[in-house]
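Everything on this sheet refers to the single structure shown next.
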Amino acid sequence: QVQLVESGGGLVQTGGSLRLSCTARGRTFSFYAMGWFRQAPGKEREFVSAITWSGGSTYYTDSLKGRFTISRDNAKNTVYLQMNSLKPEDTAVYYCAATWNNYNFDVQDQYAYWGQGTQVTVSS
């Protein structure tokens with residue numbers, strides 16, 4: 001079994017920063033990549049970022065490039081999402097996910113495992 005545990009969400013003011021963490025437990029050695037998605041109230045879940053475990057290649061949705069940074073610590077089986085210059089429109093539940101596929105990292109259906117989500121609220 002695989003379990004993804006997110007942490008680091010919370011309430012922050014506009015312009016602030018947060019770092020989300022996602023630790024993978026269980027059969028993690030076979031994952032090709034980890035991704036972050038988010039779902040704002042009343043909206044569909046959308047892709048944020050992804051990173052491959054081996055080479056560390058990173059992918060971002062265009063609108064978040066420059067503010068969000070994804071990274072990984074293989075020894076800890078943990079992926080991070082550093083979020084800077086946060087805006088109220090970044091308010092959402094953030095989910096991490098794991099995939100065995102090496103393509104279409106922005107597609108939710110490619111991910112086999114999901115975390116429970118962590119709430120990020122940015123106040124104006």
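Brief remarks on what is shown
- When the range 58-99 is filtered for residues that are surrounded by fewer than 13 Cβ atoms within 10 Å (Cβ to Cβ), without any contact (Cβ under 8 Å) to a residue 60 or more places away in the chain and closer than 17 Å to residue 120 by Cα, only 89 remains.
- Scanning the range 23-54 for residues that are modelled with pLDDT of 90 or more and hydrophobic (A, V, I, L, M, F, W, C) yields 24, 33, 34, 36, 37, 40, 47, 48, 50, 51.
- Of all residues in the range 58-76, those satisfying the criterion of being out of contact with any Phe, Trp or Tyr (no Cβ under 9 Å at 6 or more places or on another chain), within 22 Å of residue 38 (Cβ to Cβ) and not in a strand (DSSP E or B) are 62, 63, 64, 67.
- Odd one out for residue 36 among (1) of a type in the set (Phe, Trp, Tyr); (2) within 26 Å of residue 1 (Cβ to Cβ); (3) free of Cβ contacts under 8 Å to residues at least 24 places away in the same chain: (3)
- Pairs, first among the polar types (S, T, N, Q) in the range 100-124, second in a loop (DSSP other than H, G, I, E, B) and at pLDDT 95 or above, C-beta under 6 Å, six or more apart: 118/9; 119/9; 121/91; 124/14
- Here residue 27 passes the criteria (1) open to solvent by 40 Å² or more (accessible area, probe 1.4 Å); (2) more than 18 Å from residue 115 (Cβ to Cβ) except the one numbered (2).
- Residues located in the range 100-117, provided they are open to solvent by less than 30 Å² (accessible area, probe 1.4 Å) and aromatic (Phe, Trp, Tyr): 105, 111
The values are calculated or read from the model by the stated rules, or taken from the named source; none is laboratory data. Model, not experiment: these values are computed from the prediction. In this analysis, Cβ positions are derived from the backbone assuming ideal geometry, glycine residues included, and neighbour counts consider all displayed protein chains. Just so you know, the surface numbers come from the protein's heavy atoms only, side chains and all, with ligands and any DNA or RNA stripped out. Shrake-Rupley method; radii C 1.70, N 1.55, O 1.52, S 1.80 Å.
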